[in-house]
1. Give region 1-42 a look and list any residue that's under 21 Å from SER85 (Cα atoms), open to solvent by 50 Å² or more (accessible area, probe 1.4 Å) and at pLDDT 90 or above, or say none.
2. For region 43-61, which residues satisfy the criterion of being over 16 Å from ARG33 (Cα atoms) and modelled with pLDDT under 90?
3. What are the pairs with Cβ atoms under 9 angstrom where one residue, in region 35-54, is within 20 Å of TYR79 (Cα to Cα) and the other, located anywhere, is open to solvent by 80 Å² or more (accessible area, probe 1.4 Å)? Sequence gap at least six, or different chains.
Amino acid sequence: MSMPQASTGASFSDNYQSSIVQTVITIHGIKTRGKWQKDITPFLQNFIHEPLDFGNFLAVQLARTKSRNAKVEFFRDEYTRIARSDPYPSIIAHSFGTYIVATAMERYPEIRFDRIIFCGSIVSDE
């Protein structure tokens, strides 16, 4: 899987009113419930923070396509809900969360972000 390429120039947010409070979605990786997501909330006080928690996902589940796809669909549903109020949210994803986001972006072109931060990424940069 190739990692979505960052665009150059103006961000998506330049295309809509700056008075809208930007949303930042966060999504965790495997074998965790994303404590770091709660820890960064104070640093996102000027944003609407949407920490997504898809539950504790075990490493063995990575081998099952059905399990991975279920998390991608969970993310798509959550993105759709969030995008109703902010059409260009930003995302911070860690580990398996990077896989979920990159896969969703490949499958569903309507999933777009203002800014993307991948930490501990498991997706290819090609």
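1. Correct list: THR41 only.
2. VAL60
3. Partner pairs satisfying both residue conditions: ILE48/SER85; GLU50/ARG81; PRO51/LYS38; ASP53/ARG33.
The values are calculated or read from the model by the stated rules, or taken from the named source; none is laboratory data. Computed from a predicted model, the values in this text were never measured in an experiment. For neighbour counting, all protein chains shown are included, and Cβ atoms are generated from backbone atoms with ideal geometry for every residue, glycine included. Keep in mind that these areas ignore ligands, DNA and RNA; they rest on the heavy atoms of the full protein, side chains included. Shrake-Rupley method; radii C 1.70, N 1.55, O 1.52, S 1.80 Å.
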